[in-house]
Amino acid sequence: MAQFLLLLHESPTAFEAVPREEMGRVIGRYMAWRQSLQEKGKLLGSNKLADEGGRLLSREGGGAIRVVDGPFAEAKEIIGGYFLLTAGSYDEAVELARSCPHLDYGTIELRRVDLMEEPKGA
């Protein structure tokens with residue numbers, strides 16, 4: 001079985017218009033979907049990413065590493081979270097992702113994970 005990463009893309013303001021009392025139901029839909037994956041033995045992990053943005057790292061011309069705050073709220077799209085699944089094929093992973101509640105608020109990028117072998121003696 002292969003592993004697939006579902007990256008949850010959304011507008012930085014995707015959930016701003018959702019009333020507080022509705023947000024509990026939205027979270028409940030995500031939790032129920034997560035539970036259904038777990039019951040099928042398809043869920044390997046998932047998390048919501050923190051809202052504050054994080055850091056962007058890049059290498060400058062002289063080799064120094066540059067660290068800046070980001071991504072910023074001005075960004076057109078952010079990654080709000082992820083699910084790591086196991087599936088036999090892209091087709092199966094797509095079928096699992098079709099019922100993800102995130103499709104009501106943004107898009108899902110589906111990527112197969114190339115597993116790296118553990119170094120011998122580790």
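General observations
- Contacts under 7 angstrom Cβ, first residue in region 42-55 being on the phi > 0 side of the Ramachandran plot and charged (D, E, K, R), partner open to solvent by less than 30 Å² (accessible area, probe 1.4 Å) and assigned to a loop (DSSP other than H, G, I, E, B), 6 or more apart: none
Per-residue answers, yes or no, for (1) in contact with a Lys or Arg (Cβ under 8 Å, 6 or more places away or on another chain); (2) open to solvent by less than 100 Å² (accessible area, probe 1.4 Å); (3) of a type in the set (S, T, N, Q):
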site	(1), (2), (3)
Ala87	yes, yes, no
Asp91	no, no, no
Leu96	yes, yes, no
Tyr105	no, yes, no
Met116	no, no, no
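Residues are listed down the side, and each one gets a yes or a no for (1) more than 16 Å from Leu43 (Cα to Cα); (2) out of contact with any strand residue (DSSP E or B) (no Cβ under 8 Å at 6 or more places or on another chain):
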position	(1), (2)
Ile65	yes, no
Lys76	yes, yes
Gly81	no, no
Ser89	no, no
Ala93	no, no
Arg112	no, no
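- Residue count for region 1-56, restricted to those that are within 16 Å of the chain's Cα centre (by Cα), more than 26 Å from Glu92 (Cβ to Cβ) and small (Gly, Ala, Ser): 5
- Strands (runs of 3 or more DSSP E) fully within region 7-102 counting 2 or more residues that are in contact with a Gly (Cβ under 8 Å, 6 or more places away or on another chain) and within 25 Å of Asp114 (Cα to Cα): 43-48, 55-59, 78-87
- Among the residues of region 11-30, just one is at pLDDT below 90, surrounded by fewer than 12 Cβ atoms within 10 Å (Cβ to Cβ) and hydrophobic (A, V, I, L, M, F, W, C), namely Ala17.
- Count - residues of region 63-83 that are at pLDDT 90 or above and either more than 18 Å from the chain's Cα centre (by Cα) or open to solvent by less than 40 Å² (accessible area, probe 1.4 Å) (or both): 8
The values are calculated or read from the model by the stated rules, or taken from the named source; none is laboratory data. Predicted, not measured: the structure shown is a model, and the values here were computed from it. FYI the Cβ positions are ideal-geometry reconstructions off the backbone, even for glycines, and counts take in every protein chain you see. Remember, those area values only see protein heavy atoms, side chains included, never the ligands or the DNA or RNA. Shrake-Rupley method; radii C 1.70, N 1.55, O 1.52, S 1.80 Å.
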